[in-house]
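Peer 1: A single structure is presented below for examination.
The values are calculated or read from the model by the stated rules, or taken from the named source; none is laboratory data. Keep in mind the model is a prediction, meaning the values are calculated, not measured. All Cβ positions, glycine included, derive from the backbone under ideal geometry; neighbour counts span all protein chains shown. Protein only, heavy atoms only, side chains kept; ligands, DNA and RNA dropped before computing areas. Shrake-Rupley method; radii C 1.70, N 1.55, O 1.52, S 1.80 Å.
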Amino acid sequence: TVQRNGEGNIEINSIAVRLGVAGSPITSTRSGSRVIRLDEFLKDNGAQFPPDTEKRIREFLFTIYRRIEDSYGPFGEMGIDFGLDSDGKIYFIEANSKPAKDSLYKSFDAKTIRRAFLNPLNYAKFISGFSQ
């Protein structure tokens, strides 16, 4: 989940990893996939990826967010789905202007979840000129 905060800055709120069931092309949680945080995934599997994988993912997310805003105007938040192959190559799948946050609930703490809901509201205050 990538969002604009109360200062209008872009920040990555959370990066969740869906680990699909072996042999399944679907990573939906309804199909039995497991959801964990990116840092946990890289801690357990990072040796098979280039050492800068997390940095490249973060740069990728910021770039996608900005390019979509270049085309469609500002967003308060965006869920950006991507794939990562075994060589560490990143593939854009889709962006969602209204992310469901199910992966967020399954893998992050209450503080991160709260921020995910407050950032868009604080961004709305920011662009409207209301003081915080």
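Peer 1: Share of the stretch 1-48's accessible area from carbon and sulfur, percent, 1.4 Å?
Peer 2: Here carbon and sulfur together make up 44 percent of the probe-accessible area.
Peer 1: On average, how much accessible surface per residue is there in the chain, in Å², for a 1.4 Å probe, leaving out ligands, DNA and RNA?
Peer 2: The answer is 62 Å² per residue.
Peer 1: Based on the Kirkwood radius over alpha-carbon pairs, what is the Stokes-Einstein translational diffusion coefficient of the stretch 29-132 at 37 °C with 0.692 mPa s viscosity, in µm²/s?
Peer 2: 209 µm²/s
Peer 1: Kindly flag which residue pairs out of Lys89/Lys111; Lys55/Lys89; Lys43/Lys98 have an alpha-carbon separation exceeding 24 Å in this structure.
Peer 2: From Lys89/Lys111; Lys55/Lys89; Lys43/Lys98, over 24 Å: Lys89/Lys111; Lys43/Lys98.
Peer 1: Would you mind checking which residues have amide H under 5 Å from Lys101's amide H? H placed 1.01 Å from N; only 5 or more apart, or other chain.
Peer 2: So Lys101 has HN proximity to no qualifying residue.
Peer 1: Would you mind checking which residues have amide H under 5 Å from Arg37's amide H? H placed 1.01 Å from N; only 5 or more apart, or other chain.
Peer 2: It is Val17, by chain and number.
Peer 1: Still on this model: Please compute the volume of the convex hull spanned by the alpha-carbon atoms of the stretch 78-132 and report it per residue in Å³.
Peer 2: Value for the stretch 78-132: 113 Å³ per residue.
Peer 1: What 222 nm value per residue comes from the helices of the chain, counting each DSSP H run with n ≥ 4 as -39,500 (n - 2.57) and dividing by all residues, nearest 500 deg cm²/dmol?
Peer 2: About -13000 deg cm²/dmol.
Peer 1: Hey, another quick one. Against the longest alpha carbon principal axis of the chain, how many degrees, from 0 to 90 and to the nearest 10, is the axis of helix 110-128 turned?
Peer 2: For helix 110-128, the angle is close to 40 degrees.
Peer 1: Give, rounded to the nearest 20 debye, the magnitude of the charge dipole that the chain has about its Cα centre when Lys and Arg contribute +1 at Cβ and Asp and Glu contribute -1 at Cβ.
Peer 2: So the magnitude is around 400 debye.
Peer 1: Once phi is turned into ³J(HN,Hα) by the Karplus curve 6.51 cos²θ - 1.76 cosθ + 1.60 with θ = phi - 60°, what whole-Hz value does each residue of the stretch 93-107 show in order, with x for glycine and proline?
Peer 2: 9, 6, 10, 10, 6, 10, x, 6, 6, 5, 5, 4, 5, 7, 9
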